[in-house]
Amino acid sequence: MRTAIVLTITLFAHAGVPAAAAAPEKPQGRNQNSAEQAIDPGRPAPQRGHVGALETIRAWPAQAGHWVLGFKPSPDPLFPRLIAEYNYASGDSGVPGSPRRTFDQLYPTNPSKYGAAGRIGWRNIHDAMAGGEWKPTKKWKLNLDFHTYWLASRADALYSESGVALVRNPGASNSRVGEEIDFQALYRYNERLQLGFGYAHLFPGPYLRQSTGGSPVSAPYLMWTYSL
């Protein structure tokens, strides 16, 4: 049995929105090298229940989901793999007395899942991503992703990867949160040790500019992984 120990060192240059958690390695589930094309038909996540004794959650039916399309133009390892991904989670309508429709992600999200800057969680959000993975050599792997975000409901808040409300502005005239670009480079030094670095930058959209002043967020980071 192998155990992976991961240490991530992160430096943030941020303004406007509170600092977020460190950005670890990209989820390995995105790699499907056994097929030239891969389609994830989606994982809808219906949800309903109660918060406390009085408040009802009704994020149902299918008010959260995750869909991925992967395509590799050639089996040649020098060709990149192209990826399109869409993530959705419902938000509350803000109507007094109605059931709450904010999808509850239950647990903190891996910060790199919805952008390595770590500002976006799986609540009240649309996240459309286009990206690519490229292995120029056996030891190097490069990832480049572009995300665009907009709120599912302006009556609800923008939530962080931990599920905490970062910004709430129901009077905003636009639901577009912004765009993020993520770059990551991984180098496999040997069978046990992998080194990496990355950079993420969130460009504020109209919603953040109206709500917080619109300061951008940058997140450079270093990481290494040692497998025992």
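The set of residues in the range 93-137 that are in contact (Cβ under 8 Å) with a residue 60 or more places away in the chain, buried (at least 22 other Cβ atoms within 10 Å of the Cβ), within 21 Å of residue 169 (Cβ to Cβ) and not aliphatic (A, V, I, L, M) comprises 115, 118, 119.
Take residue 174 and decide whether it is farther than 22 Å from residue 70 by Cβ, surrounded by fewer than 20 Cβ atoms within 10 Å (Cβ to Cβ), of a type in the set (S, T, N, Q) and free of Cβ contacts under 8 Å to residues at least 40 places away in the same chain.
yes
For the range 138-157, the candidate set comprises residues that are in contact with a Ser or Thr (Cβ under 8 Å, 6 or more places away or on another chain), of a type in the set (A, V, I, L, M) and buried (at least 21 other Cβ atoms within 10 Å of the Cβ); within that set, the residue that is farthest from residue 89 (Cα to Cα) is 151. When you scan the range 133-143, do you find a residue that is at pLDDT 90 or above and over 30 Å from residue 74 (Cβ atoms), even just one? Within the range 133-143, none of the residues are at pLDDT 90 or above and over 30 Å from residue 74 (Cβ atoms).
With respect to (1) modelled with pLDDT of 75 or more; (2) more than 26 Å from residue 172 (Cβ to Cβ); (3) in contact with a Phe, Trp or Tyr (Cβ under 9 Å, 6 or more places away or on another chain); (4) not hydroxyl-bearing (Ser, Thr, Tyr), the lone exception for residue 87 is condition (2). Within the range 77-93, identify whether any single residue is in contact with a Ser or Thr (Cβ under 8 Å, 6 or more places away or on another chain) and either over 22 Å from residue 147 (Cα atoms) or acidic (Asp, Glu) (or both), and answer yes or no. Yes.
Within 16 Å of the chain's Cα centre (by Cα), surrounded by fewer than 17 Cβ atoms within 10 Å (Cβ to Cβ) and either of a type in the set (Asp, Glu) or closer than 30 Å to residue 102 by Cα (or both), is that true of residue 218? Taking the combined requirement at face value, the residue satisfies it. On the stretch given as the range 145-175, residues that are under 10 Å from residue 207 (Cα atoms) and among the aliphatic types (A, V, I, L, M) total 4. Return yes or no: is residue 207 touching a residue at least 24 places away in the same chain (Cβ under 8 Å), within 21 Å of residue 141 (Cβ to Cβ) and either in a loop (DSSP other than H, G, I, E, B) or out of contact with any Asp or Glu (no Cβ under 8 Å at 6 or more places or on another chain) (or both)? When the stated conditions are applied, residue 207 does not pass them.
Evaluation of residue 210 against the conditions (1) within 26 Å of residue 102 (Cβ to Cβ); (2) touching a Leu at 6+ places or on another chain (Cβ under 8 Å) shows that the sole unmet condition is (2).
The values are calculated or read from the model by the stated rules, or taken from the named source; none is laboratory data. Just so we're clear, the structure is a prediction, and the values are computed from it rather than from any experiment. Methodologically, a virtual Cβ is constructed for each residue, glycine included, from the backbone with ideal geometry; neighbour enumeration extends over all protein chains shown.
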